[in-house]
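A.B. asks: Okay, handing you the structure first.
The values are calculated or read from the model by the stated rules, or taken from the named source; none is laboratory data. Small disclaimer: the values here were computed from a predicted structure and weren't measured. Using ideal geometry, Cβ is built from the backbone for each residue, glycine included, and neighbour counts are taken over all protein chains shown.
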Amino acid sequence: MDASRFIVITGGPGSGKTTLLDALRESGHSAMPEAGRNIIRAQQAVDGPALPWRDPALFAELMLSWDMRSYEEAGQRSGTLFFDRGIPDAIGYLRLTGLPVPAHMMKAAETLRYHRRIFIAPFWPDIFGQDAERRQSADEAERTCEAMKKIYTELGYDLVPLPLCSVEERVRFILCETSA
């Protein structure tokens, strides 16, 4: 599988990742949705246990499963695909919460690779906000970004910080960086 066409955008919650991916989709690019927010919505709908504030380890397992399925699905598509987070994010999340990282998660992150350059959306206080699915504080959002930087770097990826600018400028930045 040609993982060089799999582009990950990661960072802390509320840093503009999903808005950016929506804009990439609107401009005709393919993107894979974020696991976390979709899992939270599904679990809330059925009062399920796999919510980050109920069972963070189970939530991380569902994120891993979702992201592995997304990776497999992306392999069946052609062209460049943008990912709203990647498999290493589940590891960063577990580390952030102080939980152990199972060996199978590390194996998945080491085996299922993405493009070597990972875009990281830095914590951006001006746009950060909470909602029914995003309950993290600003401090936790900033620490999440740092946890993602650490795990992706540990796994040998090169981090490319996204500029703090309009969505349109971020789209142009990413498209310029990925075409180089």
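A.B. asks: Please count how many residues of the stretch 125-180 are at pLDDT 75 or above, assigned to a helix (DSSP H, G or I) and out of contact with any strand residue (DSSP E or B) (no Cβ under 8 Å at 6 or more places or on another chain).
C.D. replies: 19
A.B. asks: Can you tell me which residue is nearest to Leu164 (Cα to Cα) among those in the stretch 108-124 that are of a type in the set (A, V, I, L, M) and in a strand (DSSP E or B)?
C.D. replies: Ranking the qualifying residues of the stretch 108-124, first place goes to Ala121.
A.B. asks: In the stretch 40-92, how many residues are among the hydrophobic types (A, V, I, L, M, F, W, C), surrounded by fewer than 19 Cβ atoms within 10 Å (Cβ to Cβ) and touching a Lys or Arg at 6+ places or on another chain (Cβ under 7 Å)?
C.D. replies: Of the residues in the stretch 40-92, 1 are among the hydrophobic types (A, V, I, L, M, F, W, C), surrounded by fewer than 19 Cβ atoms within 10 Å (Cβ to Cβ) and touching a Lys or Arg at 6+ places or on another chain (Cβ under 7 Å).
A.B. asks: Ok, one more. Confirm whether Val8 is modelled with pLDDT of 95 or more, over 12 Å from the mean Cα position of the chain (by Cα) and among the β-branched types (Val, Ile, Thr).
C.D. replies: no
A.B. asks: Just the residues that are touching a residue at least 60 places away in the same chain (Cβ under 8 Å), among the charged types (D, E, K, R) and either within 18 Å of Gly12 (Cβ to Cβ) or surrounded by 13 or more Cβ atoms within 10 Å (Cβ to Cβ) (or both), please, taken from the stretch 147-180.
C.D. replies: Arg170, Glu177, listed by residue number.
A.B. asks: Considering only residues that are aliphatic (A, V, I, L, M) and either in contact with a strand residue (DSSP E or B) (Cβ under 8 Å, 6 or more places away or on another chain) or assigned to a loop (DSSP other than H, G, I, E, B) (or both), which ones fall in the stretch 1-34?
C.D. replies: Met1, Ile7, Val8, Ile9, Leu20, Leu21, Leu24, Ala31, Met32
A.B. asks: Using beta carbons and a limit of 9 Å, which pairs, at least six apart or on different chains, have the first residue in the stretch 1-22 and farther than 18 Å from Tyr71 by Cα and the second one of a type in the set (Asp, Glu) and in a helix (DSSP H, G or I)?
C.D. replies: Close Cβ pairs (under 9 Å, with a partner that is of a type in the set (Asp, Glu) and in a helix (DSSP H, G or I)) amount to Gly12/Glu140; Gly12/Glu142; Gly12/Glu146; Pro13/Glu140.
A.B. asks: Among the residues of the stretch 68-89, which ones are touching a residue at least 40 places away in the same chain (Cβ under 8 Å), part of a helix (DSSP H, G or I) and either of a type in the set (Val, Ile, Thr) or closer than 22 Å to Glu154 by Cβ (or both)?
C.D. replies: Listed by number, the residues that qualify are Met68, Tyr71, Pro88, Asp89.
To keep it simple, each residue is scored yes or no on (1) in contact with an Asp or Glu (Cβ under 8 Å, 6 or more places away or on another chain); (2) within 23 Å of Ile40 (Cβ to Cβ).
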site	(1), (2)
Glu72	no, yes
Thr80	no, no
Asp89	yes, yes
Pro100	no, yes
Ala109	no, yes
Glu140	no, yes
Arg143	no, yes
Glu146	no, yes
Ser166	no, no
